[in-house]
Amino acid sequence: MAWRSGAVLALALASCAPEPPDVPTMFVLGVDGMDPVILQRLMNEGKLPNLAALAREGGFSELGTVNPPQSPVAWSSFVTGLDPGGHGIFDFVHRDPVRYVPISSATPPVTDPGSAIEIAGYYFPIGAPEVLNNRGGVPFWDRLLDEGVDVEIFRVPGNYPPPESDAKVLSGMGTVDVRGGYGVYTWFTDQAVPDKESKKGDIQLVTVEDTDLDGTPDTVRANIKGTPDVFHLPPGKIPGDNDYLTAPINFYLDPDTDTVMVEALDDVAVLAEGEWSDWMTVSFDALPMGAMPFSGIVRFYAKELRPGFVVYASPVNIAPDSPAQPITTPEDFAEDLAAAMGDFYTQGMPEETNALKDTLFSDDDYQRQVALVQEDTRELIDVAMARLQPGDMGFVYVSDVDLQCHMLWRHGDPKHPGAPPHPAYEAAAASEHADDIEGYYRAVDDHLARIRAKLPADATLLVMSDHGFQPFRREVHLNTWLRDHGWLTLKEGKTTGQIAAGDVDWTRTRAYGIGFNAVYLNLAGREAEGIVKPGEASAVMAELSAQLLAVADPVDNARVIKSVSRSSEIYAATRRAEAPDLVVGYDAGYGASDESTLGEIVEGWIEDNTSRWSGNHLMDPSVVPGVLLSNKKIAAGPHDLMDVTVTVLHHYGVAPAEGMGGKPVLAD
Amino acid sequence: MDSLLHLCGVVFDVVLAPLGHDRPEFDMLAWPVIAGVVALLVYKRVSNQKGIARAKNRIQVHLLEVVLYRDDLFAVLVATAKALGQNFLYLAYNIVPMLVMFAPITLVLVQLVAHYAYRPLEPGEPVLVQVELADSARSRAREIQLELPDGVTLDAPPVRTTDGRAAYRVVATEGDHVLRFTLGGEVQDKALAVGGENRKVPVLRGHGLDAVLYPGERALPSDSAFQTIKVSWEERGLGPFPSGEAGILVWFFVFSLAAGFLLKDRFGVTL
């Protein structure tokens with residue numbers, strides 16, 4: 001009789017499962033950073049035939065972004081349909097009001113480090129704190145799944161660590177490498193590296209040994225760093241440089257040719273100068289005798305082999321076929337994808353921007369690596385389209401346009417042809433790379449063709465971006481400006497310093513900046529040493545806003561800041577208490593310096609941006625709107641990101657949740 | 001030894017893949033069952049069936065003692081120790097049949113791996129061919145000559161290491177190619193399967209245990225200057241079955257064990 005009971009139970013459960021709505025497929029291609037002005041120009045010039053056809057068929061419109069227009073903030077709004085006050089992601093960087101230190105906006109600070117039992121020098125954690133995603137609200141995919149719609153989401157930003165969900169979701173931007181960093185590369189070289197402490201990677205000075213004593217150096221034995229050495233770290237300790245597990249990497253140079261054999265674990269690659277390896281697996285042993293190995297995947301680039309030895313190793317990505325940390329929901333979805341397409345980039349920002357920023361990579365080096373990312377994206381799109389069934393909802397995120405606009409804008413302004421050269425202009429490389437950004441737009445056009453070739457004829461297709469782009473010509477050290485104007489005071493005897501290092505005299509500081517667009521009052525009762533009384537906050541903000549809006553560039557008297565918004569006026573109340581008090585909207589061409597973002601106070605408050613990070617969007621939302629295209633008619637605007645969320649829900653007959661202010665964008 | 005392995009390979013080339021290499025279902029299902037049945041028959045023949053039955057009975061008796069006398073700690077400890085002792089005896093009874101079955105099962109398994117674990121290269125797909133020299137020739141890697149047939153080209157210059165290895169990245173057009181390696185007066189070939197239908201893909205040429213485990217080609221002579229010549233093939237998917245060397249191995253053992261357990265009563269075998 002047991003089988004009968006089982007059958008009845010199964011039938012009962014099946015009848016409880018919602019019937020999927022009988023509607024056609026909806027597919028969204030999310031293109032980070034696609035700008036309406038550049039897109040329109042390239043479509044007009046006939047360079048983007050597929051995007052142009054889509055615009056003709058359905059529509060093309062600007063898409064309002066969020067404030068501030070930062071990718072994790074914007075994509076979180078798209079995912080939840082809520083403004084930042086609803087989902088709680090206000091900037092790439094948040095601050096801890098007790099310690100006045102920058103913290104990641106992706107994960108809330110862990111206050112309880114947990115405990116561990118120490119045995120023979122090993123710490124075995126007991127009740128280690130779970131690292132959670134800081135994003136609030138309910139992702140649209142969970143709401144669709146509740147209504148019986150199958151959803152598959154690929155590389156969505158801001159979804160790491162992946163919140164619990166039954167939907168199939170691969171995390172994108174914000175996903176860490178195995179070290180827990182956002183792109184920590186390794187540079188193996190026997191050459192001196194100037195200013196190596198400032199580099200964002202691990203610079204390893206190696207020796208090329210002449211093992212057969214024939215006068216030709218032939219062998220390099222090195223190690224690559226991987227996961228933190230968790231069993232040797234007391235609870236709560238932040239890993240130092242020597243607190244990471246390592247895996248051996250050997251390089252063997254051919255005596256007669258500029259070719260190297262790279263050996264990592266059981267994988268071997270042969271690389272000529274200028275070539276990238278395929279993915280190679282490395283394993284990091286956390287316990288003796290391989291009792292607990294953590295796997296990662298890494299690619300090597302033979303930049304130079306003789307006379308100098310320079311080999312670059314990508315950040316060690318989490319291996320999708322045996323992830324050391326979850327990168328998908330359900331957890332085994334990553335393994336399914338690995339089975340379908342082999343190893344793939346799992347790091348949130350797969351482009352090696354750090355090496356280019358650190359001037360270790362030339363533009364040619366960088367371009368070769370971006371080509372690998374593009375190939376990876378094509379394969380992912382093919383897998384996504386092959387898995388998409390009629391009626392399913394699908395989403396794929398593409399990072400290329402955003403990162404290449406950040407890195408390559410200095411070679412030629414694609415939005416303002418004829419603009420004067422960027423302060424980071426490099427004449428030698430510019431002639432060769434001036435049109436690179438156009439090439440990445442064309443790649444999106446190709447992606448679109450691949451998608452449309454597989455999409456059912458009745459499907460609804462949306463192509464959208466989270467924001468547009470502007471040049472980043474001048475960088476503003478906002479904390480320095482606050483110092484110069486009496487809002488922030490350094491301790492006696494200091495003219496420069498670092499907020500997190502304790503250099504600020506909080507008894508004489510009314511406001512400070514941590515984050516790209518964020519200003520916080522030193523508010524009594526909230527900040528540890530706050531002095532601005534809550535009753536005075538509004539007047540203080542009014543005074544500071546007025547001064548900020550009046551800031552002019554000393555070079556040409558141009559406006560630097562276009563808007564200053566109070567979070568109390570632009571954000572929903574749910575998590576507004578965590579928000580910056582003021583959101584600074586820089587005018588086109590201006591942006592926060594990295595130093596000020598992390599709370600540093602330097603000599604002067606504004607300077608030319610000579611960094612290769614030369615395009616930007618961390619500005620006033622009105623100067624960097626995104627785009628929306630569809631194969632269905634788009635209703636008269638204006639539209640914004642959260643409207644797209646509501647449109648997706650509306651397509652499947654799902655009503656917007658409380659707090660979602662968007663409206664459907666497609667004409668019925 | 002080489003002749004025996006070669007003969008074995010010829011026989012399996014005939015009997016394996018009756019539905020073609022694109023349809024692994026028959027071999028992946030039939031051979032584990034055949035192995036399971038043969039193992040049962042061998043087990044029945046060479047094992048001490050009475051001893052096994054006795055050991056199993058006594059294990060049950062001692063476990064029952066543990067339950068019945070659970071209030072008496074000493075009795076529980078004694079019964080547990082006796083059950084453990086009978087377990088060791090039971091394992092000992094299994095050693096002989098396992099040793100007898102090891103060789104034939106290994107032979108079948110390595111043939112399944114040779115036929116199904118890897119796929120031929122795609123035309124134009126780069127692949128690494130690695131040569132390892134014997135200890136006696138370690139210092140001579142620079143002297144290795146590779147003769148490429150028509151349709152095969154080097155994709156990058158080779159790397160020869162000081163510890164007696166050489167690696168070549170090659171690409172090839174469709175066909176069954178033969179790479180020819182020369183060192184001093186010795187010439188050795190390595191097959192390279194490119195394009196076309198799935199087929200037996202020889203992974204590695206070696207001698208000794210390597211030749212047993214990778215039976216796709218003739219073994220290298222025991223006095224060869226070459227230790228191994230290996231191609232880094234890509235694994236092929238096998239539909240619903242686990243793939244790759246490890247997948248086939250796990251599938252083979254799990255399914256043959258399951259078949260053995262299901263059929264043991266029919267064959268009157270006590271396991």
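The values are calculated or read from the model by the stated rules, or taken from the named source; none is laboratory data. Computed from a prediction, not measured in an experiment: that's the story for all the values here. In this analysis, Cβ positions are derived from the backbone assuming ideal geometry, glycine residues included, and neighbour counts consider all displayed protein chains. These accessible areas exclude ligands, DNA and RNA; they are computed on the full protein's heavy atoms, side chains included. Shrake-Rupley method; radii C 1.70, N 1.55, O 1.52, S 1.80 Å.
Conditions (1) among the β-branched types (Val, Ile, Thr); (2) surrounded by fewer than 18 Cβ atoms within 10 Å (Cβ to Cβ), marked per residue:
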site	(1), (2)
B:Leu4	no, yes
B:Met28	no, no
B:Pro32	no, no
B:Gln49	no, yes
B:Ile52	yes, no
B:Arg70	no, yes
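Take the conditions (1) surrounded by 21 or more Cβ atoms within 10 Å (Cβ to Cβ); (2) within 11 Å of chain A (Cβ to nearest Cβ); (3) not aliphatic (A, V, I, L, M); B:Pro120 misses just one of them, which is (2). Within the stretch B:219-246, the set of residues being farther than 17 Å from B:Pro202 by Cα, within 14 Å of chain A (Cβ to nearest Cβ) and in contact (Cβ under 8 Å) with a residue 60 or more places away in the chain comprises B:Leu238, B:Gly239, B:Phe241. Close Cβ contacts (under 8 Å, 6 or more residues apart or on different chains) running from residues in the stretch B:249-268 that are loosely packed, with under 15 Cβ neighbours inside 10 Å to residues that are among the charged types (D, E, K, R) comprise B:Phe267/B:Lys44; B:Gly268/B:Lys44.
Find all pairs meeting these conditions: Cβ atoms under 7 angstrom apart; at least six residues apart or on different chains; first residue within the stretch A:34-62 and open to solvent by 60 Å² or more (accessible area, probe 1.4 Å); second residue among the polar types (S, T, N, Q) and modelled with pLDDT of 95 or more. Matching pairs, first to second residue: A:Glu57/A:Asn631. Would a scan of the stretch A:328-346 turn up a residue that is among the charged types (D, E, K, R) and within 22 Å of the chain's Cα centre (by Cα)? Yes, that holds for at least one residue. Just one of (1) away from every other protein chain (no Cβ under 14 Å); (2) out of contact with any helix residue (DSSP H, G or I) (no Cβ under 6 Å at 6 or more places or on another chain); (3) free of Cβ contacts under 8 Å to residues at least 40 places away in the same chain fails for A:Asp212. It is (1). Counting only helices (runs of 4 or more DSSP H) that sit wholly inside the stretch B:1-100, those with at least 1 residues that are over 22 Å from the mean Cα position of the chain (by Cα) and modelled with pLDDT of 90 or more are B:25-46, B:49-68. Could you list, in sequence order, all residues of the stretch A:67-88 that are aliphatic (A, V, I, L, M) and open to solvent by 10 Å² or more (accessible area, probe 1.4 Å)? Selection gives A:Leu82 alone. Contact annotation: residue pairs with Cβ atoms under 8 Å, 6 or more positions apart or on different chains, pairing a residue in the stretch B:56-77 that is farther than 22 Å from B:Leu89 by Cα with a partner that is open to solvent by less than 100 Å² (accessible area, probe 1.4 Å), are B:Tyr69/B:Ala75; B:Tyr69/B:Val76; B:Tyr69/B:Ala79; B:Arg70/B:Val76.
Of the numbered criteria (1) among the charged types (D, E, K, R); (2) closer than 30 Å to B:Ala39 by Cα; (3) surrounded by fewer than 16 Cβ atoms within 10 Å (Cβ to Cβ), the one B:Lys200 fails is (3). Does A:Gly201 count as away from every other protein chain (no Cβ under 14 Å) and open to solvent by less than 20 Å² (accessible area, probe 1.4 Å)? Taking the combined requirement at face value, the residue satisfies it. For the stretch A:553-638, the strands (runs of 3 or more DSSP E) that sit wholly inside it and include 3 or more residues that are within 30 Å of A:Thr25 (Cα to Cα) are A:626-630.
The set of residues in the stretch B:208-228 that are in a loop (DSSP other than H, G, I, E, B) and out of contact with any strand residue (DSSP E or B) (no Cβ under 8 Å at 6 or more places or on another chain) comprises B:Gly208, B:Pro215, B:Pro221, B:Ser222, B:Asp223. Of all the residues that make up the stretch A:410-433, how many are buried (at least 17 other Cβ atoms within 10 Å of the Cβ) and within 22 Å of A:Leu48 (Cα to Cα)? Here the count works out to 6. Output the residues belonging to the stretch A:111-137 that are within 25 Å of A:Asp96 (Cα to Cα) and surrounded by 13 or more Cβ atoms within 10 Å (Cβ to Cβ). Of everything in the stretch A:111-137, those that are within 25 Å of A:Asp96 (Cα to Cα) and surrounded by 13 or more Cβ atoms within 10 Å (Cβ to Cβ) turn out to be A:Pro113, A:Gly114, A:Ser115, A:Ala128, A:Pro129, A:Val131, A:Leu132, A:Asn133, A:Asn134, A:Arg135, A:Gly136, A:Gly137.
Put simply, of A:Val282, A:Val262 the only residue that is open to solvent by less than 30 Å² (accessible area, probe 1.4 Å) and touching a Gly at 6+ places or on another chain (Cβ under 6 Å) is A:Val282. State yes or no: is A:Met349 within 18 Å of the chain's Cα centre (by Cα) and open to solvent by 10 Å² or more (accessible area, probe 1.4 Å)? Taking the combined requirement at face value, the residue satisfies it. Quick check, is B:Ala166 more than 14 Å from every other protein chain (Cβ to nearest Cβ), farther than 22 Å from B:Phe12 by Cβ and of a type in the set (A, V, I, L, M, F, W, C)? Against the criterion (more than 14 Å from every other protein chain (Cβ to nearest Cβ), farther than 22 Å from B:Phe12 by Cβ and of a type in the set (A, V, I, L, M, F, W, C)), B:Ala166 does not qualify.
Report yes if some residue within the stretch A:569-583 is over 22 Å from the mean Cα position of the chain (by Cα) and aromatic (Phe, Trp, Tyr); otherwise report no. Among the residues of the stretch A:569-583, at least one is over 22 Å from the mean Cα position of the chain (by Cα) and aromatic (Phe, Trp, Tyr), which makes the answer yes. Just so you know, in the stretch A:215-234 the residues that are β-branched (Val, Ile, Thr) and assigned to a strand (DSSP E or B) include one that is nearest to the other protein chains (Cβ to nearest Cβ), and it is A:Thr219. Kindly indicate whether B:Val152 is more than 14 Å from chain A (Cβ to nearest Cβ) and in contact with a strand residue (DSSP E or B) (Cβ under 6 Å, 6 or more places away or on another chain). Yes; evaluated as a whole, the condition is true for this residue. State all residues of the stretch A:237-259 that are within 13 Å of chain B (Cβ to nearest Cβ) and either open to solvent by less than 40 Å² (accessible area, probe 1.4 Å) or over 22 Å from B:Val131 (Cα atoms) (or both); if no residue qualifies, say none. The answer is A:Asn250, A:Phe251, A:Tyr252, A:Leu253, A:Asp254, A:Pro255, A:Thr257, A:Thr259. The residues of the stretch B:136-149 that are free of Cβ contacts under 8 Å to residues at least 40 places away in the same chain and either away from chain A (no Cβ under 14 Å) or in contact with a strand residue (DSSP E or B) (Cβ under 8 Å, 6 or more places away or on another chain) (or both), listed by number, are B:Ala141, B:Arg142, B:Ile144, B:Gln145, B:Leu146, B:Glu147, B:Leu148, B:Pro149. For the condition among the β-branched types (Val, Ile, Thr), within 14 Å of another protein chain (Cβ to nearest Cβ) and either closer than 30 Å to A:Asp392 by Cα or open to solvent by 40 Å² or more (accessible area, probe 1.4 Å) (or both), A:Thr207 does not qualify. Counting only residues that are open to solvent by less than 10 Å² (accessible area, probe 1.4 Å), assigned to a loop (DSSP other than H, G, I, E, B), in contact (Cβ under 8 Å) with a residue 40 or more places away in the chain and among the polar types (S, T, N, Q), the stretch A:453-512 holds 1 of them.
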